[in-house]
Each structure stands twice: as C-alpha cells, then as structure tokens.
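This report concerns only the one structure given below.
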Amino acid sequence: MEAVVLCGIQGAGKTAFYVQRFLDTHARVSLDLLCTRHREARFLELCLETRMPFVVDNTNPTRAERERYVRPALEHGFRAVAYWLDAPPRVAIDRNATRPPRRRVPVSGILGTRKRLEVPCAGEGFAELWRVVADDGRFVITPLERPEAPLAARAT
Ligand SMILES: Nc1ncnc2c1ncn2[C@@H]1O[C@H](COP(=O)(O)OP(=O)(O)OP(=O)(O)O)[C@@H](O)[C@H]1O
Ligand SMILES: [Mg+2]
C-alpha cells in the first residue's frame, strides 16, 4: 500500500501532477480540499485503516510537516514515497498569477515556503524519492538522490 507525499511551493504543480498521475488510484489528502486539520486527520485515519492508497497534496516543505503523514503510514505498513515538485519561484509566481483569483496565493507565501523548504530524504522513511519538473503540461520525473547544489545556491 502506497503513501505518496508531494512537496513543493505553491504553484509548483502538485495538484496538476496528482490529477495526471494518481487521480484513478489514490485518494487525495489535501488541506485545500478538506479545510481543517481535524478533517484531514480523520480522512488520513480512514485511508490507513482501510488500506486505501493516498497522496498528500500539501506544500509539505519541512521534514516535520511530512512526518505527520510518514510516521503513521509506516506504522500501518504503508510504503512511503516522496515526490519533490521542483519549480523555480519565478515560474510558480507566474503560474499563480494566471489562476482564478480565489485560487491565487500571496507571492510572499510562495517565497516563505521556498525559504523553509527542506528537500525530502531517505532518512525520513521514504522508500523512493523523486524529483518532478513540470514543463508545458508534462511532468518529467527523475530519481532524487541529492540536489545538485544546495537550494540556497541555486538560481530562482
Ligand atoms: N506541467 C505543467 N506545465 C505547465 N503548467 C502547469 C503544469 N502543472 C501545473 N501547471 C499550472 O500551474 C498552476 C499551478 O499548478 P497547481 O495548482 O497544480 O500547483 P500546486 O503546487 O498544487 O499549488 P498549491 O500549493 O497552491 O495548491 C496551475 O494553473 C496549472 O495549470
Ligand atoms: Mg494544489
């Protein structure tokens, strides 16, 4: 049974990736959809207890935030897989600007998430780690061993 944890700044393409790759097979655990942590926790429990594969479609920028899902998933015998949606902030900001107003987030929120971002690693309990680059409606997926350069050193 698979627990997929997406991670990436707002506008990186997480929800589009979920729809393209997981819509028919995995439930979507998302604060945008479920609105409260209470409902999210209940929904997560339901997936774990009924052995329903799921994808966590939140920004999940830090190890601590991902642990909320990874720890119970592993305890329930799920296999945890991480996908890092690696989008430069300027691309995410441009995409965000084209969204309908009610789905737009403040630019400061995107930059704040980018600042807090810790790239997922095997030590967190993930059996597989993938990097996803969204390009022109497609998603290019490559194994994530370690980022070529520390995030802080990379162009935005
Ligand atoms: N592969 C892609 N190529 C081009 N545009 C894309 C791609 N994936 C998503 N987009 C566009 O980028 C915008 C943001 O995508 P999406 O809503 O999936 O981001 P998100 O990571 O889920 O953001 P949030 O964290 O705010 O929910 C959308 O308008 C979407 O149409
Ligand atoms: Mg989304």
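Each value in this text was obtained by applying a stated rule to the coordinates, not by laboratory testing. This one's a predicted model, so the numbers in the text were calculated from it and none came from an experiment. Here the Cβ positions follow ideal geometry from the backbone for every residue, glycine too, while neighbour counts run over all protein chains shown.
What order, most packed first, do the peptides 18-26, 6-14 have when packing is the mean number of other Cβ atoms within 10 Å of each residue?
Ranked by mean Cβ neighbours within 10 Å, highest first: 6-14, 18-26.
So what is the relative contact order of region 1-99, in percent, for Cα pairs below 8 Å that sit 6 or more residues apart?
After rounding, I find 50 percent.
Using a cut-off of 10 Å between beta-carbons, work out the net charge of the residues near Arg79 (Lys and Arg +1, Asp and Glu -1, Arg79 not included).
The answer is -2.
If R0 is 30 Å, what FRET efficiency do you get for Cys121 and Arg42 from their C-beta distance, rounded to 0.05?
Computed FRET efficiency for Cys121 and Arg42: 0.55.
With each pseudo-label sitting 7 Å past Cα toward Cβ, what's the Gln20-Val107 distance in nm, one decimal?
2.6
How many angstrom lie between the C-alpha centres of region 63-140 and region 1-59?
12
Translational diffusion coefficient, Stokes-Einstein: compute it for region 2-150 using the Kirkwood radius over C-alpha pairs as Rh, at 37 °C and 0.692 mPa s, and state it as an integer in µm² s⁻¹.
Rounded, D is 211 µm²/s.
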